[in-house]
Amino acid sequence: TLIQQLEAQKAATELILECDNIFFFSFYDEYDMICNPDNYKDVLHFREEINSQILRWIYIGEHLLTKDNYEEHYRKIYEYYMNYNYASLWEQLN
């Protein structure tokens, strides 16, 4: 499922990057933020502080995916999440 999700995101990114009027950001490489259960207010939503940080990044253009950097971005996050110790999340929650 993870491989399918990452491949689908990459394919969607490729389609989006063909549009000149869309700016596309990805924060999946902010591992400390994403992998810390304390940063979530529920299973899907970040806390307000994290949302504010994401807005700051968007404002200054950080994490913007382009035709020049998206492949490297997906290579890095694929490697990270395919090798992540998911059992450690359950340990943190218990």
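The values are calculated or read from the model by the stated rules, or taken from the named source; none is laboratory data. Computed from a prediction, not measured in an experiment: that's the story for all the values here. Here the Cβ positions follow ideal geometry from the backbone for every residue, glycine too, while neighbour counts run over all protein chains shown. Ligands, DNA and RNA are excluded from the accessible area calculation, which covers all protein heavy atoms including side chains. Shrake-Rupley method; radii C 1.70, N 1.55, O 1.52, S 1.80 Å.
Based on protein heavy atoms only, region 48-94 ends up with 78 Å² per residue of surface accessible to a 1.4 Å probe. Among the protein heavy atoms of the chain, carbon and sulfur supply 54% of the accessible surface, probe 1.4 Å, non-protein parts ignored. The chymotrypsin sites (Phe, Trp or Tyr not before Pro) of region 7-38 that meet both conditions, a loop assignment by DSSP and at most 13 other Cβ atoms within 10 Å of the site Cβ, are Phe23.
Sorted from longest to shortest, the spans of the Cα atoms of region 52-94 along the three principal axes equal 37, 27, 6 Å.
Using only alpha-carbon positions in the chain, the gyration tensor eigenvalues give semi-axes of 25, 18, 11 Å once each is multiplied by 5 and square-rooted (largest first).
Enumerate by residue number the trypsin sites (Lys or Arg not before Pro) in the chain meeting two conditions: DSSP loop (anything except H, G, I, E, B), and at most 14 other Cβ atoms within 10 Å of the site's Cβ. Listed in order of number, the matching sites are Lys41, Arg47, Lys67.
Between exposed GluC sites (Glu not before Pro) in the chain, where DSSP calls loop and at most 13 other Cβ atoms lie within 10 Å, what's the longest gap? Segment 19-61 is the longest. Between Ala11 and Lys76, the modelled label-to-label distance comes to 2.5 nm, taking each label 7 Å out from Cα in the direction of the beta carbon. Helix content alone sets the calculated 222 nm mean residue ellipticity of the chain: runs of n ≥ 4 DSSP H residues at -39500 (n - 2.57) each, divided across all residues, give -16500 deg cm²/dmol. Accessible area per residue was computed with a 1.4 Å probe on protein heavy atoms; Leu2 scores about 60 Å². Can you list the residues of region 23-39 with backbone N under 20 Å from a point 7 Å past the Cα of Asn83, pointing along Cα to Cβ? Counting only backbone N, you get 28-36.
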